[in-house]
Amino acid sequence: MKRAHFCKLIPLTLVLLFGLTGCRKGPKPLTHIPGRTGSGIRDAATTGGPISPETAATIPVADPGTRSQLQTTDGQTPLPGGRFDRSLYNEDRSQFREQTVYFDFDKSTIKSSEQGKIQSVADYLRSEPRTMLDIEGHCDERGTAEYNRALGERRALAVREYLISLGIIGERINTISYGEDRPAETGHDEIAWAKNRRGEFILLRPKQ
Amino acid sequence: MKFKTATLVVGMFLGGLVLTTLSEAAIAAEHAEEIDISRLTRGLIKPIPIALSGFSGEVASVLRFDLEVGGFEIVSGEAAQYAVNGSNNGQVQGELRVVVTKQSLLNNRYAGGTLRSQAHNLADDIIEKITGKPGISRYKIAFKGQSGGQTEIYISDFDGFNPIPVTRDNALVAAPCWVPQKRMLYYTSYKGGGPDIYLHDLNSGERRAVAQYSGLNTSAAVSREGVVAMILSKSGSPDLYVSSGNGTNLKQLTRTREDESSPCWSPDGRHICYVSSVPGVPSLYVISAEGGSPRRLRTAGAGRVSEPDWSPDGKYIVFTAMRREFEICIVPAEGGDAVTLATGEDPSWAANSRTVIFSRRSKGKHVLSLLDVPTKRMKDVAQNLGSCSQPNWAK
């Protein structure tokens with residue numbers, strides 16, 4: 001009789017034991033967090049290694065004499081199908097060095113003071129119909145890295161749209177934003193910042 | 001007689017168990033700091049005082065660092081609420097006690113790996129026992145490292161140790177982003193002549209371009225289902241797009257004349273929070289991953305905002321306020337008043353929804369720093385790499 005009572009207490013103890021330990025856990029996290037033996041990121045054993053060959057995008061060379069296939073809507077013209085292939089062109093950064101376009105803080109609007117420079121770029125492009133153009137967009141350091149990468153692109157695109165409005169077809173113009181990563185001046189004052197908020201022109205002459 | 005004694009013994013045992021588990025629950029509940037913005041604003045959340053003894057050298061440094069980042073303050077015995085006593089002769093061993101009751105909460109011995117990784121494991125176990133939240137020391141960070149004129153993508157431990165270069169292209173790089181639960185990284189690289197998005201498998205070393213359209217391809221962010229959000233300007237303006245993990249099934253989600261930038265995912269993979277300059281001032285928006293009308297997110301008091309990151313528990317969004325200085329701010333995920341946490345930019349949440357890594361400018365270069373959001377305590381990460389920025393914490 002006494003033993004029977006005692007024996008009943010053992011399973012009861014076990015039930016209570018497991019029942020109580022079950023109460024200790026907190027709420028389950030929303031996202032599974034891998035445990036020690038899970039698939040969490042571990043100390044790197046390998047690095048780099050062979051990078052598999054990448055297929056370069058085929059870049060169509062637009063015939064500058066044809067009408068543009070890119071339809072402008074709402075002042076916004078799609079970009080060409082790919083970047084200009086540097087195996088087909090030589091870069092010339094000096095041709096339009098004096099035509100670098102400058103912008104106000106946090107803005108991508110083309111100021112009236114800058115329009116003449118873009119017009120002289122358009123004149124040249126019309127006179128050299130086989131050339132292409134890359135426009136680089138840049139920012140001062142007063143924005144975060146990715147915000148500036150987008151702002152730099154808007155600046156390059158604004159210059160491109162202005163050239164398109166002057167009759168240059170969109171297929172001849174590509175944009176590359178560097179955000180704040182390629183400053184013209186390394187100071188931390190308005191003089192340096194003003195020089196960094198810019199669009200630069202890179203003329204591409206076809207290799208013979 | 002025997003029966004009564006046995007009942008008494010079992011009764012005391014059960015009673016002891018109940019007391020132990022209840023008090024452990026109480027400890028965990030007291031210190032399971034969910035971020036409470038109203039308490040944050042009033043500076044009410046204090047670090048938990050803890051004493052360490054018996055450890056030396058690198059193990060002691062790791063324990064101190066990890067606990068301080070975890071919301072603890074290392075104090076001497078008298079002032080401590082908890083005490084950890086242990087040793088590191090050949091392997092790390094540590095016992096955690098409640099000071100007042102001398103109750104032992106854990107007593108572990110670690111094996112394998114390095115002493116440093118064992119120390120990280122002990123710190124994680126201590127933090128998990130007291131706060132109820134899992135530790136974060138084994139989750140890697142990725143970042144942009146600049147040394148001399150060269151930038152590359154690096155990964156390292158969250159404390160900056162063991163940095164390993166992921167790229168060796170001598171090309172401008174930006175915006176690394178871990179694929180959830182995988183050793184794979186998206187990042188932006190200019191190695192192809194302009195900003196393109198790549199997916200890099202760190203196990204095989206294989207890398208493939210995911211978006212290399214004309215113009216801008218940047219700011220890749222990955223959902224837990226592997227859907228990639230990104231900023232592309234191929235249609236004539238920087239807009240928000242989504243695609244499958246390899247870049248196929250591309251879908252444009254925004255179509256504005258202004259720029260969109262820095263998307264991040266809700267943890268359930270159903271929404272994207274991103275920046276848009278449509279209102280004239282860069283502001284946060286939330287849009288369904290399926291597309292549709294975006295909803296503006298209130299970030300009252302923050303001004304021009306950028307670089308949001310959504311906490312893994314879904315509750316909060318941290319971001320950078322672009323004021324005279326950059327400042328890390330937080331709002332509830334449904335929007336609200338912005339609370340300033342620290343000077344810095346580009347915040348990224350840890351898996352615990354409590355710690356944030358970010359970068360701050362110091363003496364002409366960027367430095368990575370860790371923030372414990374509830375206590376607002378900050379610690380810089382160790383780094384020898386020159387300038388480090390755009391950190392992203394694996395989850």
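The values are calculated or read from the model by the stated rules, or taken from the named source; none is laboratory data. What you are looking at is a predicted structure, and each value in this text was computed from that prediction instead of being measured. Neighbour counts are summed over all protein chains in view; Cβ atoms, including those assigned to glycine, are modelled from backbone coordinates with ideal geometry.
Taken over the stretch A:170-192, the criterion of being surrounded by fewer than 18 Cβ atoms within 10 Å (Cβ to Cβ), of a type outside the set (A, V, I, L, M) and part of a helix (DSSP H, G or I) is satisfied by A:E190 alone. Scanning the stretch B:219-237 for residues that are more than 21 Å from the chain's Cα centre (by Cα) and surrounded by fewer than 24 Cβ atoms within 10 Å (Cβ to Cβ) yields a total of 2. The residues listed here are B:M230, B:M184; of these, the one that is in contact with a Leu (Cβ under 9 Å, 6 or more places away or on another chain) and either within 27 Å of A:N174 (Cβ to Cβ) or of a type outside the set (A, V, I, L, M, F, W, C) (or both) is B:M230.
Residues that are more than 24 Å from A:H188 (Cα to Cα), within 8 Å of chain B (Cβ to nearest Cβ) and part of a loop (DSSP other than H, G, I, E, B) do occur in the stretch A:85-103. Look at (1) in contact with a strand residue (DSSP E or B) (Cβ under 9 Å, 6 or more places away or on another chain); (2) surrounded by 14 or more Cβ atoms within 10 Å (Cβ to Cβ); (3) not in a loop (DSSP other than H, G, I, E, B) and you find that A:P80 fails only one, number (3). Taking the criterion of being without any contact (Cβ under 8 Å) to a residue 40 or more places away in the chain, more than 14 Å from chain A (Cβ to nearest Cβ) and not hydrophobic (A, V, I, L, M, F, W, C), the residues of the stretch B:289-336 that qualify are B:E290, B:G292, B:S293, B:R295, B:R296, B:R298, B:T299, B:G301, B:E334. In summary, A:G152 fulfils each of the numbered conditions (1) facing chain B (nearest Cβ under 7 Å); (2) closer than 20 Å to B:E345 by Cα; (3) surrounded by 24 or more Cβ atoms within 10 Å (Cβ to Cβ) with the single exception of condition (1). Would it be correct to say that B:V210 is under 26 Å from B:Y316 (Cα atoms) and touching a strand residue (DSSP E or B) at 6+ places or on another chain (Cβ under 8 Å)? No; evaluated as a whole, the condition is false for this residue. Just the residues that are without any contact (Cβ under 8 Å) to a residue 40 or more places away in the chain, more than 8 Å from every other protein chain (Cβ to nearest Cβ) and out of contact with any strand residue (DSSP E or B) (no Cβ under 8 Å at 6 or more places or on another chain), please, taken from the stretch B:154-202. Scanning the stretch B:154-202 gives a single hit, B:K191. Checking the stated criteria, B:N384 turns out to be modelled with pLDDT under 95 and either out of contact with any Phe, Trp or Tyr (no Cβ under 7 Å at 6 or more places or on another chain) or part of a strand (DSSP E or B) (or both).
Step by step: first the residues of the stretch B:203-218, then only those that are touching a residue at least 24 places away in the same chain (Cβ under 8 Å) and facing chain A (nearest Cβ under 7 Å), then the one that is surrounded by the fewest Cβ atoms within 10 Å (Cβ to Cβ). Which residue is that? That would be B:R208. Scanning the stretch B:98-133 for residues that are buried (at least 18 other Cβ atoms within 10 Å of the Cβ) and in a loop (DSSP other than H, G, I, E, B) yields B:Y110, B:G132, B:K133.
Of the residues making up the stretch A:168-188, those that are within 21 Å of A:K111 (Cβ to Cβ) and more than 8 Å from chain B (Cβ to nearest Cβ) are A:I168, A:I173, A:E180, A:P183, A:A184, A:E185. Here B:G269 passes the criteria (1) at positive phi; (2) facing chain A (nearest Cβ under 9 Å) except the one numbered (2).
Take B:E95 and decide whether it is acidic (D, E), without any contact (Cβ under 8 Å) to a residue 40 or more places away in the chain, part of a strand (DSSP E or B) and surrounded by fewer than 23 Cβ atoms within 10 Å (Cβ to Cβ). So B:E95 passes the test. Selection of the stretch A:175-196 for residues being under 19 Å from the mean Cα position of the chain (by Cα) and under 19 Å from A:R97 (Cβ atoms) yields A:T175, A:I176, A:Y178, A:R182, A:P183, A:N196. Within the stretch B:337-351, the set of residues being crowded, with 24+ Cβ neighbours inside 10 Å and either assigned to a strand (DSSP E or B) or out of contact with any Phe, Trp or Tyr (no Cβ under 6 Å at 6 or more places or on another chain) (or both) comprises B:E345, B:D346, B:P347, B:S348, B:W349.
Here A:E171 clears all of (1) free of Cβ contacts under 8 Å to residues at least 24 places away in the same chain; (2) farther than 28 Å from B:E152 by Cα; (3) of a type outside the set (F, W, Y) except the condition numbered (1). Only one entry in B:E334, B:E325, B:E307 is surrounded by fewer than 24 Cβ atoms within 10 Å (Cβ to Cβ), of a type in the set (D, E) and under 22 Å from B:L240 (Cα atoms), namely B:E334. From the list A:R126, A:R160, A:R205, pick out the single residue that is away from every other protein chain (no Cβ under 14 Å) and in contact with a Ser or Thr (Cβ under 7 Å, 6 or more places away or on another chain). Residue meeting the stated conditions: A:R205.
Of B:R361, B:R377, all but one fail to be at pLDDT below 95 and within 12 Å of another protein chain (Cβ to nearest Cβ); the exception is B:R361. The set of residues from the stretch B:228-240 being more than 17 Å from B:P308 (Cβ to Cβ) and more than 13 Å from chain A (Cβ to nearest Cβ) is empty.
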